[in-house]
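Here the structure is laid out as structure tokens; the discussion comes afterwards.
The values are calculated or read from the model by the stated rules, or taken from the named source; none is laboratory data. Small disclaimer: the values here were computed from a predicted structure and weren't measured. Counting neighbours? That spans all protein chains shown, and the Cβs are built from the backbone with ideal geometry, glycine included. Only protein heavy atoms, including side chains, enter the accessible area calculation; ligands, DNA and RNA are left aside. Shrake-Rupley method; radii C 1.70, N 1.55, O 1.52, S 1.80 Å.
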Amino acid sequence: MAKKTVVSSTINGSSTEFLCEPRQSLLEVLRDTLHLTGSKEGCNNGNCGACTVLMDGKPVLSCLVLGVEAEGAKIETVESLAKNGQLAPVQQCFLEGAALQCGICTPGFLMATKALLEKFPQPTEHDIRFHLANNLCRCTGYDKIVKSVQACATAVR
Amino acid sequence: MKDFGYAAPESLGEASRLLQHAAGSVKILAGGTDIIVQLREGMREADLVVDVKKVPELQELTFSATHGLRLGASVPCHRVYEHPQLVAAYSALVDASKIIGGWQIQSRASVGGNLCNSSPAADTIPALIAHHAWCEIASPRGKRTVAVEQFCTAPGKNVLQKGELLVAIVFPPSLSHSGSAYERFIPRNEMDIAVVGVGSRVQLNATGDTIEFARIGVGAVAPTPKYAQEASEWLAGKPATEEFFAQAGELAKKIASPISDMRGTAEYRTHLVGVMVKRTLLKAAERAKVFINH
Ligand SMILES: Cc1cc2nc3c(=O)[nH]c(=O)nc-3n(C[C@H](O)[C@H](O)[C@H](O)COP(=O)(O)OP(=O)(O)OC[C@H]3O[C@@H](n4cnc5c(N)ncnc54)[C@H](O)[C@@H]3O)c2cc1C
Ligand code: FES
Ligand code: FES
């Protein structure tokens, strides 16, 4: 077994050190080592977006990032959204817009939406559909998700 | 995933030494969007993974109107299409880097990785061919350069030898009165593999009605992406009209030797080459004219 490496990164605002093998994905580290189980494993090959986290502010698929690559990076997961039991605006809008059923895809959609609204505070429907194209949902249908993102853009504005 | 070691060298020299002297199989990692999937699914194996993202030369993105573009091999796609000057100067490359995977993929995936993965359907390669780009390769014996259209040798294979790595992709300056475009045909709007992908660039005369030269790159219709040489050379001196672009499309069909699969039959793909060549030439010429009027 390859030697475990110590990796230091900032995860959801706190400096965190973890030990991991080079072959472990960031998703595995988040879920199994750090017990941040909000990020979900859907496909484990980059197609579904359920594992989306922000890495240095950019949305990435944590199943396609090695844990060791997180050295020195700033990682944000869905756990960073709610503060003191208070849902973040995106979460509230998804809830009110019924943009989820089983919820497996939701953490990925929320994180991609967070990044989207930072880039486009007033996104068009095309902006939303284009930027969320790497997030799949098997349950809800995309209209409710798109409408919730639009509602969130309006609420935040 | 099978066990492997990991190294993240911070200089080109260190990276080359690691690649040359490593015992067992070594795989290079840039954005990881191909290689991590391949390692996980057992399609490739590594004893050592060398992450080249920290090598400064591979993160370089320098553009100047006179010298052209130097694109470090591990620069992620989003840095290409977010660069305000590249949008006009290297439109075909920008078109291609915008449609690779979704946003999350584009945050990590590099143009260099797309080229080195050497898929026949890779979206940036026809665009790189249209731009007449060159690969700069660091080898244990020094540096060498290879034209992009000669880089891929078979599906998933290329000219890189053990110990070599792609350092940068180098583009000649984009001249005034020129324009380029990349488009692929896919059955849905986003997130799919090209059934056919075409990158075209045209250089027009000062009035914008005659083609001085053109370059057409075609993907997904042969074991490697191809430079449509005959069609490109034929266009020189011809009027920049739809009729001539359509004829160039007919000529380009000759280089297609596609397979039939669930995305399309060989006949359908060959037909699409004609359609996509015409379409991208028209778009490239329109773009060239916009820049003439500026
Ligand atoms: C969900 C999904 C969607 C995708 N959609 C598309 C698409 O629409 N179009 C498309 O073309 N591709 C697509 N891809 C494939 C992939 O994202 C691209 O090929 C990407 O550009 C690869 O870049 P990377 O930096 O991630 O490469 P990596 O995975 O890091 O590397 C790719 C290959 O190149 C080698 N390599 C990397 N850098 C170097 C170097 N400097 N020198 C030598 N060898 C090197 C690696 O060893 C590996 O073999 C998709 C992938 C996924 C998972
Ligand atoms: S689990 Fe990462 S994209 Fe599906
Ligand atoms: S709510 Fe079930 S996958 Fe989206």
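Some values worked out for this structure:
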item: ³J(HN,Hα), Karplus 6.51/-1.76/1.60, whole Hz, each residue of the stretch B:39-51, x for Gly, Pro; result: 5, 5, 8, x, 6, 9, 10, 9, 8, 9, 10, 9, 7
item: Nearest-ten-degree value, helix B:242-252 long axis tilted from longest Cα axis of chain B; result: 40 degrees
item: Taking N as its residue count, the alpha carbon Rg of the stretch A:5-80 over 2.2 N^0.38 Å; result: 0.95
item: Most fluctuating residue given options A:L136, A:L87, A:L27, as computed from a GNM of chain A linking Cα atoms under 10 Å; result: A:L87
item: Amide proton proximity set for A:L66, modelled H, under 5 Å, gap of 5+; result: A:L26
item: Length gained when the stretch B:K238-B:H67 is fully extended (0.36 nm per residue, less Cα-Cα span); result: 58.7 nm
item: Distance between the stretch A:25-64 and the stretch B:250-269 - C-alpha centres, whole angstrom; result: 38 Å
item: On Cα atoms only, tilt of B:266-293 relative to the major axis of chain B in degrees; result: 80 degrees
item: 1.4 Å probe, heavy atoms, protein only - residues of the stretch B:100-117 losing at least 30 Å² accessible area vs chain alone; result: B:W103, B:Q104, B:I105, B:S107, B:R108
item: Probe 1.4 Å, protein heavy atoms only - accessible area per residue of the stretch A:89-156 in square angstrom; result: 48 Å²
item: Karplus 3J(HN,Hα) series, Hz, for the stretch B:260-265 with 6.51 cos²θ - 1.76 cosθ + 1.60 (x for Gly, Pro); result: 9, 8, 5, 7, x, 7
item: Helix-only CD estimate at 222 nm, as mean residue ellipticity for chain B, using -39500 (n - 2.57) per DSSP H run (n ≥ 4); result: -10000 deg cm²/dmol
item: Whole-percent carbon and sulfur share, accessible surface of the stretch B:56-171, 1.4 Å; result: 56 percent
item: Chain-alone versus full-assembly comparison, the stretch A:130-145, residues with accessible loss of at least 30 Å² (1.4 Å probe); result: A:F130, A:H131, A:A133, A:N134
item: Net charge dipole size for chain B [Lys, Arg +1 and Asp, Glu -1 on Cβ; Debye, nearest 20]; result: 160 debye
item: Local electrostatic count at B:R141 - Lys and Arg +1, Asp and Glu -1, tallied over other residues with Cβ under 13 Å; result: +2
item: Full-stretch length increase - B:R141, B:A266 - with 0.36 nm per residue and alpha-carbon distance subtracted; result: 40.8 nm
item: P(r) tail fraction, the protein assembly as shown - alpha-carbon pairs more than 33 Å apart, %; result: 39 percent
